[in-house]
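Some notes on the structure that comes next.
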Amino acid sequence: MLILHTSDWHLGHELYGNDRSTEFVAMLHQIRNIVSEHKPDALIIAGDIFDTAFPSSSVQTLFSNAIVEIHAASPSTVIVMTSGNHDSASRHEIFRIPWRALNVYALGRLNTDNPEEHIITLPDIGHVIAVPYANDRMMPDGFYQRLIDMVPDDGLPIVMTAHTTVRGAKFDGHRLTVENEIDCVGNISARNIDEMGSGFDYLALGHIHKTQFVHGAGHHRARYSGSPLSVSFDEPLEHSVSLVNIAERGATPEVTVIPLKRVRTLVTLPADGSFLPWDEVLALLADHTPDGEEYIRLNVLIDKPLPENRYQLLHEATDNKPCIVCRINAKRSAVSGSAQSTKRTLQEFQQESPLTIAREYAAYIGSPLSDGMLSLLNDVYNKVTANE
(Lines give C-alpha, C1' and ligand atoms only; values in the text may rest on other atoms or scores of the structure.)
Protein backbone atom coordinates (compact mmCIF):
# COMPACT_ATOMS: atom_id res chain seq x y z
CA MET A 1 0.00 0.00 0.00
CA LEU A 2 1.47 3.33 -1.08
CA ILE A 3 0.18 6.54 0.49
CA LEU A 4 1.14 10.20 0.26
CA HIS A 5 0.78 11.83 3.67
CA THR A 6 0.36 15.57 4.10
CA SER A 7 -1.46 17.92 6.47
CA ASP A 8 -1.78 21.47 7.73
CA TRP A 9 -2.10 23.28 4.42
CA HIS A 10 -3.64 26.32 6.15
CA LEU A 11 -4.97 27.67 2.86
CA GLY A 12 -5.86 31.33 3.14
CA HIS A 13 -3.24 32.09 5.76
CA GLU A 14 -1.96 35.65 5.66
CA LEU A 15 1.40 36.51 7.15
CA TYR A 16 0.79 39.76 9.01
CA GLY A 17 -1.58 40.95 6.30
CA ASN A 18 0.49 39.73 3.35
CA ASP A 19 -1.45 37.67 0.80
CA ARG A 20 0.17 34.29 0.12
CA SER A 21 -1.92 33.06 -2.81
CA THR A 22 1.13 32.66 -5.05
CA GLU A 23 2.80 30.46 -2.45
CA PHE A 24 -0.26 28.26 -2.02
CA VAL A 25 -0.67 27.84 -5.77
CA ALA A 26 2.96 26.74 -6.06
CA MET A 27 2.62 24.33 -3.12
CA LEU A 28 -0.54 22.71 -4.51
CA HIS A 29 1.03 22.45 -7.95
CA GLN A 30 3.98 20.53 -6.47
CA ILE A 31 1.70 18.13 -4.59
CA ARG A 32 -0.27 17.50 -7.77
CA ASN A 33 2.95 16.71 -9.63
CA ILE A 34 4.08 14.33 -6.88
CA VAL A 35 0.77 12.48 -7.08
CA SER A 36 1.07 12.35 -10.85
CA GLU A 37 4.58 10.88 -10.66
CA HIS A 38 4.11 8.31 -7.88
CA LYS A 39 0.42 7.38 -8.32
CA PRO A 40 -0.15 6.58 -4.62
CA ASP A 41 -3.04 4.36 -3.64
CA ALA A 42 -4.21 7.10 -1.28
CA LEU A 43 -3.51 10.75 -0.62
CA ILE A 44 -4.14 11.59 3.03
CA ILE A 45 -4.68 15.20 4.13
CA ALA A 46 -4.73 15.00 7.93
CA GLY A 47 -6.54 18.18 8.88
CA ASP A 48 -6.20 21.97 8.89
CA ILE A 49 -6.85 22.27 5.19
CA PHE A 50 -7.91 25.87 5.75
CA ASP A 51 -6.47 28.46 8.11
CA THR A 52 -9.90 29.53 9.37
CA ALA A 53 -13.32 27.96 9.75
CA PHE A 54 -14.70 30.52 7.29
CA PRO A 55 -12.32 30.66 4.30
CA SER A 56 -13.09 33.15 1.54
CA SER A 57 -14.75 32.00 -1.66
CA SER A 58 -11.47 32.46 -3.54
CA VAL A 59 -9.63 30.20 -1.08
CA GLN A 60 -12.34 27.54 -1.31
CA THR A 61 -12.15 27.75 -5.10
CA LEU A 62 -8.37 27.33 -4.95
CA PHE A 63 -8.79 24.22 -2.84
CA SER A 64 -11.57 22.69 -4.93
CA ASN A 65 -9.68 23.25 -8.16
CA ALA A 66 -6.56 21.69 -6.64
CA ILE A 67 -8.44 18.53 -5.59
CA VAL A 68 -9.96 18.21 -9.07
CA GLU A 69 -6.51 18.57 -10.65
CA ILE A 70 -4.98 16.04 -8.25
CA HIS A 71 -7.73 13.57 -9.13
CA ALA A 72 -7.14 14.16 -12.84
CA ALA A 73 -3.41 13.52 -12.34
CA SER A 74 -4.13 10.09 -10.82
CA PRO A 75 -7.80 9.01 -11.01
CA SER A 76 -7.11 5.75 -9.16
CA THR A 77 -5.77 7.57 -6.10
CA VAL A 78 -8.26 7.70 -3.23
CA ILE A 79 -8.16 11.13 -1.58
CA VAL A 80 -8.94 11.10 2.14
CA MET A 81 -9.25 14.50 3.81
CA THR A 82 -10.23 15.05 7.42
CA SER A 83 -10.95 18.27 9.26
CA GLY A 84 -8.54 19.80 11.75
CA ASN A 85 -9.06 22.22 14.61
CA HIS A 86 -8.76 25.18 12.21
CA ASP A 87 -11.42 23.78 9.88
CA SER A 88 -15.19 23.87 10.20
CA ALA A 89 -16.34 20.29 10.70
CA SER A 90 -19.78 20.95 9.24
CA ARG A 91 -18.52 22.93 6.25
CA HIS A 92 -15.97 20.22 5.58
CA GLU A 93 -18.79 17.78 4.88
CA ILE A 94 -21.07 19.99 2.76
CA PHE A 95 -19.93 18.38 -0.49
CA ARG A 96 -19.17 15.00 1.02
CA ILE A 97 -21.45 13.11 -1.38
CA PRO A 98 -20.47 14.98 -4.60
CA TRP A 99 -16.80 14.53 -3.73
CA ARG A 100 -17.24 10.76 -3.87
CA ALA A 101 -17.62 11.01 -7.66
CA LEU A 102 -13.95 12.01 -7.74
CA ASN A 103 -12.78 9.25 -5.39
CA VAL A 104 -12.62 11.77 -2.53
CA TYR A 105 -13.68 11.03 1.07
CA ALA A 106 -14.30 14.09 3.24
CA LEU A 107 -14.78 13.46 6.97
CA GLY A 108 -15.45 16.41 9.24
CA ARG A 109 -17.17 14.96 12.29
CA LEU A 110 -16.90 11.88 14.46
CA ASN A 111 -19.72 9.44 13.84
CA THR A 112 -19.80 7.40 17.01
CA ASP A 113 -23.20 5.92 16.14
CA ASN A 114 -21.94 4.58 12.81
CA PRO A 115 -18.18 4.21 13.30
CA GLU A 116 -17.85 2.08 10.17
CA GLU A 117 -18.14 5.31 8.16
CA HIS A 118 -14.61 6.14 9.31
CA ILE A 119 -13.19 2.99 7.67
CA ILE A 120 -12.35 3.31 3.98
CA THR A 121 -11.36 0.07 2.31
CA LEU A 122 -9.24 0.03 -0.81
CA PRO A 123 -10.00 -3.45 -2.24
CA ASP A 124 -6.95 -5.75 -2.28
CA ILE A 125 -4.78 -2.82 -1.18
CA GLY A 126 -5.48 -1.75 2.39
CA HIS A 127 -7.67 0.14 4.83
CA VAL A 128 -7.71 3.80 5.88
CA ILE A 129 -9.25 4.69 9.24
CA ALA A 130 -10.04 8.39 8.85
CA VAL A 131 -10.46 10.21 12.18
CA PRO A 132 -11.11 13.98 12.04
CA TYR A 133 -10.28 16.36 14.85
CA ALA A 134 -12.63 16.27 17.80
CA ASN A 135 -12.56 18.04 21.14
CA ASP A 136 -11.58 15.71 23.98
CA ARG A 137 -15.12 15.91 25.35
CA MET A 138 -16.44 14.46 22.07
CA MET A 139 -13.87 11.67 21.75
CA PRO A 140 -15.09 8.47 23.46
CA ASP A 141 -12.51 6.54 25.43
CA GLY A 142 -11.00 3.78 23.35
CA PHE A 143 -12.54 5.03 20.10
CA TYR A 144 -9.32 4.61 18.10
CA GLN A 145 -8.94 1.00 19.23
CA ARG A 146 -12.60 0.35 18.54
CA LEU A 147 -12.11 1.41 14.93
CA ILE A 148 -8.95 -0.65 14.52
CA ASP A 149 -10.72 -3.73 15.86
CA MET A 150 -13.48 -3.27 13.26
CA VAL A 151 -11.07 -3.69 10.32
CA PRO A 152 -11.27 -7.16 8.71
CA ASP A 153 -8.47 -9.58 9.50
CA ASP A 154 -7.43 -9.87 5.85
CA GLY A 155 -3.71 -9.16 6.10
CA LEU A 156 -3.98 -5.82 4.31
CA PRO A 157 -2.22 -2.77 5.81
CA ILE A 158 -4.08 -0.43 8.16
CA VAL A 159 -3.43 3.31 7.98
CA MET A 160 -5.08 5.56 10.55
CA THR A 161 -5.29 9.36 10.61
CA ALA A 162 -5.53 11.75 13.55
CA HIS A 163 -5.26 15.49 14.05
CA THR A 164 -4.02 15.92 17.59
CA THR A 165 -1.07 16.58 19.90
CA VAL A 166 0.97 13.51 20.82
CA ARG A 167 3.50 13.51 23.64
CA GLY A 168 7.01 12.69 22.59
CA ALA A 169 6.86 14.93 19.52
CA LYS A 170 9.06 17.98 19.09
CA PHE A 171 6.90 21.10 19.11
CA ASP A 172 9.35 23.39 17.31
CA GLY A 173 7.58 26.58 16.24
CA HIS A 174 4.52 25.98 18.43
CA ARG A 175 3.68 27.58 21.77
CA LEU A 176 3.49 24.82 24.37
CA THR A 177 1.25 25.84 27.25
CA VAL A 178 0.50 23.98 30.43
CA GLU A 179 -2.99 24.29 31.87
CA ASN A 180 -3.76 22.25 34.98
CA GLU A 181 -0.56 20.25 34.37
CA ILE A 182 -1.78 19.21 30.88
CA ASP A 183 0.47 19.94 27.91
CA CYS A 184 -1.43 21.82 25.24
CA VAL A 185 -0.46 22.89 21.70
CA GLY A 186 -2.85 25.02 19.70
CA ASN A 187 -5.64 24.37 22.23
CA ILE A 188 -5.32 20.60 21.74
CA SER A 189 -4.28 18.75 24.88
CA ALA A 190 -1.52 16.21 24.41
CA ARG A 191 -2.25 12.50 24.60
CA ASN A 192 0.10 9.55 24.98
CA ILE A 193 0.77 7.48 21.86
CA ASP A 194 -0.69 4.37 23.47
CA GLU A 195 -4.06 6.17 23.69
CA MET A 196 -4.19 5.93 19.90
CA GLY A 197 -4.63 2.18 20.10
CA SER A 198 -2.55 -0.63 18.62
CA GLY A 199 -2.73 -2.63 15.46
CA PHE A 200 -2.30 0.12 12.88
CA ASP A 201 0.64 -0.06 10.50
CA TYR A 202 0.97 3.69 10.07
CA LEU A 203 -0.54 6.63 11.96
CA ALA A 204 -0.79 9.70 9.70
CA LEU A 205 -0.77 12.62 12.11
CA GLY A 206 -1.61 16.26 11.58
CA HIS A 207 -1.44 19.42 13.73
CA ILE A 208 2.28 19.67 14.57
CA HIS A 209 4.11 21.42 11.72
CA LYS A 210 7.51 19.77 12.16
CA THR A 211 8.09 16.62 10.08
CA GLN A 212 8.95 13.76 12.44
CA PHE A 213 8.26 10.28 13.74
CA VAL A 214 6.75 10.01 17.21
CA HIS A 215 8.37 7.08 18.95
CA GLY A 216 6.50 5.11 21.55
CA ALA A 217 4.42 2.03 22.22
CA GLY A 218 7.35 -0.03 20.98
CA HIS A 219 7.05 0.84 17.31
CA HIS A 220 8.10 3.29 14.61
CA ARG A 221 4.77 3.90 12.93
CA ALA A 222 3.38 7.29 14.06
CA ARG A 223 4.42 10.29 12.02
CA TYR A 224 3.66 13.96 11.54
CA SER A 225 4.05 14.89 7.87
CA GLY A 226 4.53 18.50 8.89
CA SER A 227 3.12 21.51 7.10
CA PRO A 228 4.05 22.11 3.43
CA LEU A 229 4.38 25.86 4.06
CA SER A 230 5.56 27.90 7.04
CA VAL A 231 2.84 29.83 8.83
CA SER A 232 5.15 31.24 11.48
CA PHE A 233 8.68 32.63 11.63
CA ASP A 234 9.42 30.20 14.47
CA GLU A 235 8.64 27.09 12.43
CA PRO A 236 11.31 24.91 10.81
CA LEU A 237 12.01 26.19 7.31
CA GLU A 238 12.24 22.82 5.58
CA HIS A 239 8.89 21.44 4.45
CA SER A 240 7.89 18.25 2.68
CA VAL A 241 5.33 15.52 2.13
CA SER A 242 5.82 11.88 3.14
CA LEU A 243 5.54 8.99 0.69
CA VAL A 244 4.84 5.84 2.72
CA ASN A 245 5.02 2.27 1.46
CA ILE A 246 3.64 -0.62 3.56
CA ALA A 247 4.23 -4.09 2.12
CA GLU A 248 1.68 -5.92 4.26
CA ARG A 249 -0.02 -5.80 7.62
CA GLY A 250 2.59 -5.77 10.33
CA ALA A 251 5.41 -4.62 8.04
CA THR A 252 7.48 -1.58 9.01
CA PRO A 253 6.54 1.43 6.86
CA GLU A 254 9.17 2.69 4.43
CA VAL A 255 9.05 6.47 4.31
CA THR A 256 10.48 8.69 1.61
CA VAL A 257 10.59 12.41 2.36
CA ILE A 258 9.85 14.55 -0.70
CA PRO A 259 10.97 18.18 -0.15
CA LEU A 260 8.85 21.07 -1.36
CA LYS A 261 10.33 24.22 -2.85
CA ARG A 262 9.49 27.56 -1.28
CA VAL A 263 8.42 30.68 -3.13
CA ARG A 264 9.36 32.89 -0.19
CA THR A 265 11.60 32.16 2.78
CA LEU A 266 10.85 33.42 6.28
CA VAL A 267 13.92 35.13 7.72
CA THR A 268 14.55 36.57 11.17
CA LEU A 269 17.16 39.26 11.82
CA PRO A 270 19.37 38.92 13.79
CA ALA A 271 19.77 35.43 12.34
CA ASP A 272 20.60 33.86 15.70
CA GLY A 273 17.22 34.89 17.10
CA SER A 274 18.65 37.40 19.56
CA PHE A 275 17.31 40.93 20.09
CA LEU A 276 19.31 44.08 19.32
CA PRO A 277 18.61 47.81 19.59
CA TRP A 278 16.75 49.47 16.71
CA ASP A 279 19.77 51.13 15.09
CA GLU A 280 21.75 47.88 15.02
CA VAL A 281 18.84 45.88 13.57
CA LEU A 282 18.26 48.55 10.93
CA ALA A 283 21.93 48.32 9.95
CA LEU A 284 21.65 44.53 9.69
CA LEU A 285 18.64 44.91 7.41
CA ALA A 286 20.44 47.41 5.18
CA ASP A 287 23.40 45.02 4.81
CA HIS A 288 21.21 41.94 4.30
CA THR A 289 21.29 40.29 0.87
CA PRO A 290 18.15 38.19 0.36
CA ASP A 291 18.54 34.65 -0.96
CA GLY A 292 15.52 34.82 -3.25
CA GLU A 293 12.20 36.32 -2.15
CA GLU A 294 11.85 36.70 1.61
CA TYR A 295 9.54 37.72 4.41
CA ILE A 296 11.55 39.33 7.20
CA ARG A 297 10.95 39.63 10.93
CA LEU A 298 13.08 42.04 12.94
CA ASN A 299 13.90 41.26 16.57
CA VAL A 300 14.20 44.67 18.22
CA LEU A 301 15.15 45.36 21.82
CA ILE A 302 13.45 48.55 22.96
CA ASP A 303 13.67 50.79 26.00
CA LYS A 304 11.97 53.77 24.35
CA PRO A 305 9.42 54.26 21.55
CA LEU A 306 10.55 53.36 18.03
CA PRO A 307 11.14 56.24 15.58
CA GLU A 308 7.96 57.71 14.12
CA ASN A 309 9.47 57.39 10.63
CA ARG A 310 10.44 53.75 11.14
CA TYR A 311 8.46 52.52 8.15
CA GLN A 312 10.18 55.01 5.89
CA LEU A 313 13.52 53.83 7.25
CA LEU A 314 12.56 50.20 6.59
CA HIS A 315 11.53 51.07 3.04
CA GLU A 316 14.89 52.74 2.40
CA ALA A 317 16.79 49.77 3.88
CA THR A 318 14.99 47.28 1.60
CA ASP A 319 14.67 49.39 -1.54
CA ASN A 320 15.10 47.24 -4.67
CA LYS A 321 15.46 44.08 -2.61
CA PRO A 322 13.07 41.10 -3.07
CA CYS A 323 11.94 41.13 0.55
CA ILE A 324 9.09 42.34 2.72
CA VAL A 325 9.52 43.36 6.35
CA CYS A 326 6.26 42.15 7.80
CA ARG A 327 6.93 42.24 11.52
CA ILE A 328 8.86 44.24 14.06
CA ASN A 329 9.13 41.78 16.94
CA ALA A 330 9.66 44.19 19.81
CA LYS A 331 10.93 43.11 23.20
CA ARG A 332 11.36 45.42 26.15
CA SER A 333 14.63 45.66 28.01
CA ALA A 334 14.65 43.79 31.32
CA VAL A 335 13.04 45.66 34.17
CA SER A 336 13.47 45.08 37.86
CA GLY A 337 11.04 43.61 40.37
CA SER A 338 7.75 41.88 39.77
CA ALA A 339 6.87 44.23 36.90
CA GLN A 340 8.92 41.98 34.59
CA SER A 341 6.18 39.36 34.67
CA THR A 342 3.34 41.79 33.94
CA LYS A 343 4.76 44.19 31.33
CA ARG A 344 4.36 42.96 27.76
CA THR A 345 4.53 44.45 24.30
CA LEU A 346 1.39 44.16 22.19
CA GLN A 347 2.96 41.32 20.19
CA GLU A 348 3.88 39.43 23.36
CA PHE A 349 0.37 39.92 24.73
CA GLN A 350 -1.21 38.60 21.50
CA GLN A 351 0.90 35.45 21.69
CA GLU A 352 -0.22 34.53 25.20
CA SER A 353 -2.96 32.02 25.93
CA PRO A 354 -6.17 33.77 27.10
CA LEU A 355 -6.18 31.41 30.08
CA THR A 356 -2.68 32.51 31.05
CA ILE A 357 -3.72 36.17 30.91
CA ALA A 358 -6.83 35.46 32.98
CA ARG A 359 -4.83 33.55 35.58
CA GLU A 360 -2.17 36.27 35.86
CA TYR A 361 -4.77 39.04 36.12
CA ALA A 362 -6.66 37.17 38.84
CA ALA A 363 -3.41 36.75 40.78
CA TYR A 364 -2.59 40.44 40.21
CA ILE A 365 -5.84 41.63 41.79
CA GLY A 366 -5.44 39.20 44.66
CA SER A 367 -8.11 36.67 43.68
CA PRO A 368 -6.29 33.59 42.35
CA LEU A 369 -8.45 31.29 40.22
CA SER A 370 -9.34 27.92 41.70
CA ASP A 371 -8.76 24.70 39.79
CA GLY A 372 -12.51 24.46 39.23
CA MET A 373 -12.69 27.97 37.77
CA LEU A 374 -9.70 27.29 35.52
CA SER A 375 -11.36 24.11 34.29
CA LEU A 376 -14.61 26.01 33.61
CA LEU A 377 -12.78 28.76 31.72
CA ASN A 378 -10.93 26.12 29.70
CA ASP A 379 -14.24 24.46 28.76
CA VAL A 380 -15.77 27.81 27.74
CA TYR A 381 -12.70 28.71 25.69
CA ASN A 382 -12.74 25.36 23.89
CA LYS A 383 -16.44 25.72 23.18
CA VAL A 384 -16.02 29.21 21.74
CA THR A 385 -13.13 28.15 19.52
CA ALA A 386 -14.47 24.71 18.59
CA ASN A 387 -14.81 23.94 14.87
CA GLU A 388 -18.57 24.13 14.55
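Mind jotting down the distance between the C-alpha centroids of region 1-49 and region 136-202, whole Å?
22 Å
Would you mind calculating the gained length between GLU316 and ARG100 on full extension (0.36 nm times residue separation, minus the Cα-Cα distance), in nm to one decimal? Write out the running numbers ahead of the final one.
Values: separation 216, 0.36 × 216 = 77.76 nm, distance 5.32 nm.
Gain on extension, GLU316 to ARG100, equals 72.4 nm.
Build a GNM of the chain with springs between Cα atoms under 10 Å: which of MET150, MET160, MET81 gets the top mean-square fluctuation?
Looking only at MET150, MET160, MET81, the biggest GNM fluctuation is shown by MET150.
Ignoring ligands, DNA and RNA, how do ASP149, ASP8, ASP291, ASP141 rank by accessible area with a 1.4 Å probe, largest first? Don't skip to the end; give the middle numbers.
On the way: ASP149 110, ASP8 0, ASP291 130, ASP141 155 Å².
If we order ASP149, ASP8, ASP291, ASP141 from most to least accessible, we get ASP141, ASP291, ASP149, ASP8.
DSSP loop GluC sites (Glu not before Pro) in region 262-335 with at most 13 other Cβ atoms within 10 Å of their Cβ, which ones? It would help to have the intermediate numbers written out before the result.
Details: sites: GLU280, GLU293, GLU294, GLU308, GLU316; in loops: GLU293, GLU308.
In loop regions of region 262-335 (DSSP not H, G, I, E or B), the sparsely surrounded GluC sites (Glu not before Pro) are GLU308.
Lys and Arg at +1, Asp and Glu at -1: add these up for the other residues within a Cβ distance under 13 Å of ILE125 and post the number. Don't skip to the end; give the middle numbers.
Numbers: positive: LYS39, ARG249; negative: ASP41, ASP124, ASP154, ASP201, GLU248.
Local charge sum for ILE125: -3.
How far apart, in nm, are two points set 7 Å out from the Cα along the Cα-to-Cβ line at GLU352 and at GLU238?
Roughly 3.6 nm, to one decimal.
In the Gaussian network model of the chain, springs joining C-alpha atoms below 10 Å, which of GLN60, GLN312, GLN212 carries the largest mean-square fluctuation?
Result: GLN312 has the largest fluctuation of those listed.
Can you compute the FRET efficiency between LYS383 and SER21 using 1/(1 + (r/R0)^6), with r the Cβ-Cβ distance and R0 = 22 Å? Round to the nearest 0.05. Before the final figure, lay out each step's value.
Details: r = 32 Å, r/R0 = 1.48.
Here the calculated transfer efficiency is 0.10.
Go through region 34-137 and name the GluC sites (Glu not before Pro) that are in a DSSP coil and have 11 or fewer other Cβ atoms within 10 Å of their Cβ. Mind showing how you got there, number by number?
Working: sites: GLU37, GLU69, GLU93, GLU116, GLU117; in loops: GLU93.
Of the GluC sites (Glu not before Pro), not one in the loops of region 34-137 has a Cβ with at most 11 other Cβ atoms within 10 Å.
Enter the angle in degrees (range 0 to 90, nearest 10) between the Cα long axis of helix 354-364 and the first principal axis of the Cα atoms of the chain, meaning the one along which they spread out most.
In the chain, helix 354-364 runs at an angle near 40 degrees to the longest axis.
Give the angle, between 0 and 90 degrees and rounded to the nearest 10, that separates the Cα long axis of helix 278-287 from the longest principal axis of the Cα atoms of the chain.
The angle comes out near 60 degrees.
Tell me, what is a quarter of the convex hull surface for the C-alpha atoms of the chain, in nm² with one decimal? Numbers along the way, then the final one.
Working: hull surface 84.7 nm².
Hull-based average projected area comes out at 21.2 nm².
Where does helix 57-73 land angle-wise versus the long Cα axis of the chain, in degrees 0 to 90, nearest 10?
In the chain, helix 57-73 runs at an angle near 40 degrees to the longest axis.
On a 25 Å Cα-Cα criterion, which of the cross-link pairs LYS210/LYS261; LYS170/LYS261; LYS210/LYS304 come out too long?
Long pairs (Cα-Cα over 25 Å): LYS210/LYS304.
Report relative contact order for region 140-296 in percent, whole number only (criteria: Cα-Cα under 8 Å, sequence separation at least 6).
19 percent
Hey, any idea what % of region 36-192's accessible area is carbon plus sulfur with a 1.4 Å probe? Display every interim value, and only then the final one.
Numbers: 3460 of 6930 Å².
Accessible surface attributable to carbon and sulfur in region 36-192 totals 50 percent.
Using 0.36 nm per residue of separation minus the Cα-Cα distance, give me the extension gain between ARG175 and SER198 in nm, one decimal.
On the way: separation 23, 0.36 × 23 = 8.28 nm, distance 2.91 nm.
The ARG175-SER198 span can extend by a further 5.4 nm.
The values are calculated or read from the model by the stated rules, or taken from the named source; none is laboratory data. All of these numbers come straight from a predicted model, not from anything done at the bench. FYI the Cβ positions are ideal-geometry reconstructions off the backbone, even for glycines, and counts take in every protein chain you see. The area values use the complete protein model at the heavy-atom level, side chains included, leaving out ligands, DNA and RNA. Shrake-Rupley method; radii C 1.70, N 1.55, O 1.52, S 1.80 Å.
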